[in-house]
1. Averaging sequence separations of C-alpha pairs under 8 Å and six or more residues apart, then dividing by the length of region 1-155, give the relative contact order as a whole percent.
2. Compute the convex hull volume of the Cα atoms of region 7-63, divide it by the residue count, and report the result per residue in Å³ as a whole number.
3. Every cysteine in the chain with no other Cys Cβ under 4.7 Å from its Cβ, please list them in numeric order.
4. Please tell me the relative contact order of region 96-253 in percent, rounded to the nearest whole number, where contacts are Cα pairs under 8 Å and at least six residues apart.
5. Rounded to whole Hz and in sequence order, give me ³J(HN,Hα) for region 22-36 from the Karplus expression 6.51 cos²θ - 1.76 cosθ + 1.60, θ = phi - 60°, writing x for Gly and Pro.
6. Compare the peptides 109-122, 69-82 by average per-residue count of other Cβ atoms within 10 angstrom and give them in order, highest first.
7. Given Cα pairs under 8 Å that are at least 6 residues apart, what percent is the relative contact order of region 34-100?
8. Rg/Rh for the chain to two decimals, with Rh computed the Kirkwood way over all alpha-carbon pairs.
Amino acid sequence: MTSSYPEPAWKVVAASVAGPHHVRDGLPCQDAFSWRVIGERLVAAISDGAGSAAQSEQGSRILSQCVVDAFAENVAAPLQESEVRRIAEQAIEACRTQLLQTYPDANLADFHATLAAVVMDDRGGFVLQIGDGMAAAVQERQWAPCLLCLPENGDYAEETFFFTLDGWRRHLRITPVPADYDELILVTDGAYSFTAKPAANGLDRDFIAPVCAFLEQNDEERGVVALKQILDHANARRISGDDKTLLWAKRKR
């Protein structure tokens with residue numbers, strides 16, 4: 001018996017692991033991700049909770065869910081930059097309100113988190129960023145150069161921007177992605193240094209090419225297991241003590 005449901009237009013695999021510094025200090029993984037595929041449209045988001053914020057794991061979890069849910073609920077909306085910004089801003093405001101209502105004794109600063117997200121279909125799409133997450137769009141496995149959406153950091157080391165800050169709208173960056181880009185990668189800053197190759201305006205082929213090939217050739221369950229092992233490998237832990245998230249998506253047709 002064949003299924004009457006169409007095959008999803010995108011294959012997605014994502015994983016988060018706690019960084020060794022968080023494990024050492026008894027902290028939870030403060031990264032989070034969420035994604036949905038509705039017809040031709042992919043909506044995906046990752047978020048990195050600030051280690052200095054008391055409940056940032058809740059901030060990252062609820063932010064990524066709110067952004068994905070908002071775009072999923074507006075799936076009929078055209079993918080125009082003004083509309084994408086409107087939906088994103090409403091989702092972030094709703095997330096801020098939800099956090100304060102759910103945790104009335106907390107302040108927004110307790111939920112500091114960054115955002116890297118993508119909304120995409122067969123006509124193209126957009127990357128959305130607040131803070132130091134990275135996004136990359138790739139065409140036919142051309143890893144470098146590619147469409148590389150770099151992190152935004154502040155004036156000082158380890159400083160970035162969060163959706164919980166008063167001026168978050170000024171730091172909501174939206175980048176168009178043409179329709180011929182068929183592969184997308186989102187990473188939090190813990191995985192950035194071994195994924196990106198900014199000097200080549202692209203990704204590190206030696207790392208990302210075998211990872212993406214494996215994820216494409218295997219089912220999601222096996223891909224998640226492998227991705228967690230990669231992100232928690234001794235080499236990755238040595239490079240960064242932070243939590244690490246990588247989300248990969250590839251258009252199937």
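All of the numbers you see were taken from the coordinates with simple rules; none came from a lab. Remember, predicted model here, so these are calculated numbers, not experimental data. With ideal geometry, Cβ positions are generated from the backbone for all residues, glycine too; neighbour counts draw on all protein chains shown.
1. Working: 256 pairs, mean separation 30.9, N = 155.
Dividing the mean separation by the residue count of region 1-155 yields 20 percent.
2. Working: hull volume 4.1 nm³, N = 57.
Here the figure is 72 Å³ per residue.
3. Cys29, Cys146, Cys149, Cys212
4. Values: 274 pairs, mean separation 38.0, N = 158.
Relative contact order comes out at 24 percent.
5. 5, 4, 4, 8, x, 9, x, 5, 9, 8, 8, 8, 8, 7, 8
6. Values: 109-122: 24.9, 69-82: 14.9.
Order by mean packing, descending: 109-122, 69-82.
7. Numbers: 60 pairs, mean separation 20.3, N = 67.
Reported as a whole number, the value is 30 percent.
8. 0.95
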